[in-house]
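The values are calculated or read from the model by the stated rules, or taken from the named source; none is laboratory data. Note that the structure is a prediction, hence the values are computed from the model and not measured. Note that each Cβ is placed from the backbone with ideal geometry, even for glycine, and that neighbours are counted across all protein chains shown. Side chains included, ligands, DNA and RNA excluded: accessible areas come from the protein's heavy atoms. Shrake-Rupley method; radii C 1.70, N 1.55, O 1.52, S 1.80 Å.
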Amino acid sequence: MASEVSQLIELRDKLSAGDDIFETLEGLNTLLESCPSNSEVLQISTIIGPQLIFYHLSGDQEPETLNVACAALYKMLSAFPLPQFLKLAQEIELGLQHPAEPVRQLCLKLLNQKISSSPSFHQIALQSTMFHLITVIIGDAVLACAQLATNIIETLFKNSPSIFTTPGTLRDAFVLDLRSLVSKSDVIRFRVYNLLVRLSLLSLDVLQFIQEEGFISSLIAELESDDILINLNCLELLQQLAESDGGLEVIAAADILKKLHSILEGKDNNPLASMIVPGIIKFFGHYCHLNTITTATVCTQYPLFLETVLEGITSPEEDTLWGVALDTFALLCSTQKGREALTAKPEKVNLVIKAIGGFVLQSRTELRVRSLEAFSRILSCDEGLSDDDEASISYKWVSSALPGFISVAMTIAKQPFPDLRYASLSFLLSVSSWKWGQKEMKACPGFVEYLLDRKTEGDKKGKEMKYDIIKAMADSPYCEETMDGPVYLKLKQYVREGPFYVVTESSTVAVEES
């Protein structure tokens, strides 16, 4: 121990004198990395204080020296408890203003780590100067720094929302900083919008605060921009805003669906329509899924939404629109209200269902995978699971689109292409939730044997997916009815043994003898 103290004193003296800074800091890093516990790191910091290392960050240092200094500080300060960390507030503030990215990132990472680990550390970030410096870094030229600043502010809002929703100096300064940031550039303005939308999901009070300050109306106004990229970014954020009940109300009150439908009406005269239309369709679908009670009204009031979805699937000239239309259609089908809305166009819906089946049977791999995944989503509707009409719709759709659908899925699942295999197993899982699905599984030659054969899947994901299928069947209330006695018992045994059970020769003989 005496030799280590002597070595530390030597390193400290070299740093104080400014001799061989890079080599000295490398030696300190080696010692810090060898420390097995925070207590030993703290012992080192009593001899070589972090203030001394911060001092060398203020000079004109080479990038390599800055990096090794930041590494040493991160290791050292990560071990600091609150009282010691608070004493470094001035150094942290200077670091946040440092022209070098590694130093700013160091201070932000430390703050993010500390406030995420314990609310007791929030007091340092909520000091007015510190909070101001964190906020303005949202406009940093380095995206990583801006993202760290955003994460810090979001964590503070989660734990102390009243500080920002109650009028006061900190809140007023925060709003002023945000207003200054949104005036700098499109990129920084949307960073601010992104932060505010994330904050709005925390509570209705926070949403109200953001709305009262005019930021939500400014975001919505971005839909009127002539810049297509701004429109798309705006749609993405509004879709996130809709995740809360308050956000849904804001969107409804602002007539956003009406504005988007008007864009669809003029899409034939818009040379950039292929870029904006998929985003609009995605937004409509997400809105209907979150607010299912209005689905039928939305589809009736804004008919071009549903027409574009159906046409986008049956006429897949544009891959982007096809994928979004397919996902949106599956999203609508996954709820009972969505299915009811689709019954207004039975002929077109049947054409779409058959088109999706066609993509599964003969198309390039990506389209086959996406189509199988869409069927999985379509059949995942569990509202009214025991309802005969609901069951008959699901069966009618899948049997008309994919005649012999169990055999088709089994054939695809046996192919040596992971994406296709997983998509097929996911499809079989969605089918296994239905009584008619289990009957079809039992009736399909060779399927039960394939399902119970553990050798068909060689990787962890495949084994788990097949296990999920068998467990869904075994746990269902009608498995004993749909499967004969021996098969039912084998399914139950498979579940008891788990997804990774290895069949040995002795266990096989025991089963056969029993």
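For segment 119-155, a residue qualifies if it is open to solvent by 30 Å² or more (accessible area, probe 1.4 Å) and either outside any helix (DSSP H, G or I) or touching a strand residue (DSSP E or B) at 6+ places or on another chain (Cβ under 8 Å) (or both), and the qualifying residues are LEU126, GLN127, ALA141, VAL142.
Residue check: is LYS109 surrounded by fewer than 20 Cβ atoms within 10 Å (Cβ to Cβ), under 26 Å from PHE190 (Cβ atoms) and charged (D, E, K, R)? Reasoning before the result, please.
Numbers: surrounded by fewer than 20 Cβ atoms within 10 Å (Cβ to Cβ): yes; under 26 Å from PHE190 (Cβ atoms): yes; charged (D, E, K, R): yes.
Criteria met by LYS109.
Look at (1) surrounded by 17 or more Cβ atoms within 10 Å (Cβ to Cβ); (2) not in a helix (DSSP H, G or I) and you find that ALA344 fails only one, number (1).
Pairs, please: C-beta under 8 Å, at least 6 apart or cross-chain, first residue within 15 Å of ALA374 (Cα to Cα) and part of a loop (DSSP other than H, G, I, E, B) and in segment 316-341, second open to solvent by less than 10 Å² (accessible area, probe 1.4 Å) and at pLDDT below 85? The qualifying pairs are SER334/CYS381; THR335/CYS381.
Looking only at segment 194-215, count how many residues are of a type in the set (Val, Ile, Thr) and modelled with pLDDT of 95 or more. Spell out how you get there, then give the answer.
Filtering segment 194-215 down to residues of a type in the set (Val, Ile, Thr) leaves 197, 206, 210.
Going one step further and asking which of them are modelled with pLDDT of 95 or more, we end up with 197.
Number of matching residues: 1.
Scoring THR320 on the criteria (1) within 26 Å of the chain's Cα centre (by Cα); (2) surrounded by 17 or more Cβ atoms within 10 Å (Cβ to Cβ); (3) farther than 24 Å from SER400 by Cβ leaves a single failure, condition (2).
Would you confirm whether any residue within segment 470-488 is under 19 Å from LEU420 (Cβ atoms) and either at pLDDT below 90 or part of a helix (DSSP H, G or I) (or both)? Give the derivation first.
Restricting attention to segment 470-488, the residues satisfying the condition of being under 19 Å from LEU420 (Cβ atoms) are none.
No, segment 470-488 contains no residue that is under 19 Å from LEU420 (Cβ atoms) and either at pLDDT below 90 or part of a helix (DSSP H, G or I) (or both).
For segment 29-74, the set of residues classified as more than 20 Å from HIS98 (Cα to Cα), open to solvent by 20 Å² or more (accessible area, probe 1.4 Å) and part of a helix (DSSP H, G or I) consists of THR30, LEU31, GLU33, ASN38, SER39, GLU40, LEU42, GLN43, THR46, ILE47, listed by residue number.
With the requirement that a residue be open to solvent by 70 Å² or more (accessible area, probe 1.4 Å) and not aliphatic (A, V, I, L, M), what does segment 469-506 give you? Write out each step before concluding.
Going residue by residue through segment 469-506, those that are open to solvent by 70 Å² or more (accessible area, probe 1.4 Å) are 471, 475, 477, 480-481, 486, 489-490, 496, 500-503, 505-506.
If the condition is that a residue be open to solvent by 70 Å² or more (accessible area, probe 1.4 Å) and not aliphatic (A, V, I, L, M), then LYS471, ASP475, PRO477, GLU480, GLU481, PRO486, LYS490, ARG496, PHE500, TYR501, GLU505, SER506 are the ones that fit.
Specify the residue that is nearest to LYS337 (Cα to Cα); the eligible residues are those in segment 246-297 that are basic (Lys, Arg) and loosely packed, with under 14 Cβ neighbours inside 10 Å.
Quick first cut of segment 246-297, residues basic (Lys, Arg) only: 258-259, 267, 282.
Now restrict to residues that are loosely packed, with under 14 Cβ neighbours inside 10 Å: 258-259.
Details: LYS258: 21, LYS259: 24 Å.
This residue is LYS258.
Considering segment 227-250 alone, what residues qualify as being acidic (Asp, Glu) and under 20 Å from the mean Cα position of the chain (by Cα)? Before you say what the answer is, go through the steps one by one.
First, pick out the residues of segment 227-250 that are acidic (Asp, Glu): 227, 236, 243, 245, 249.
GLU236, GLU243, ASP245, listed by residue number.
Residues of segment 165-215 being open to solvent by 40 Å² or more (accessible area, probe 1.4 Å), within 15 Å of ALA146 (Cβ to Cβ) and over 28 Å from the mean Cα position of the chain (by Cα), which ones? Within segment 165-215, SER180, LYS184 qualify. Among the candidates LEU452, LEU428, the residue that is at pLDDT 90 or above, over 26 Å from ALA330 (Cβ atoms) and hydrophobic (A, V, I, L, M, F, W, C) is uniquely LEU452.
Could you please find all residues in segment 15-28 being open to solvent by 70 Å² or more (accessible area, probe 1.4 Å) and either under 19 Å from PHE85 (Cβ atoms) or in a helix (DSSP H, G or I) (or both)? Before the answer, list the steps.
Taking segment 15-28 as the starting set, the residues that turn out to be open to solvent by 70 Å² or more (accessible area, probe 1.4 Å) are 16, 19-20, 23, 26.
Hits for segment 15-28 are SER16, GLU23, GLU26.
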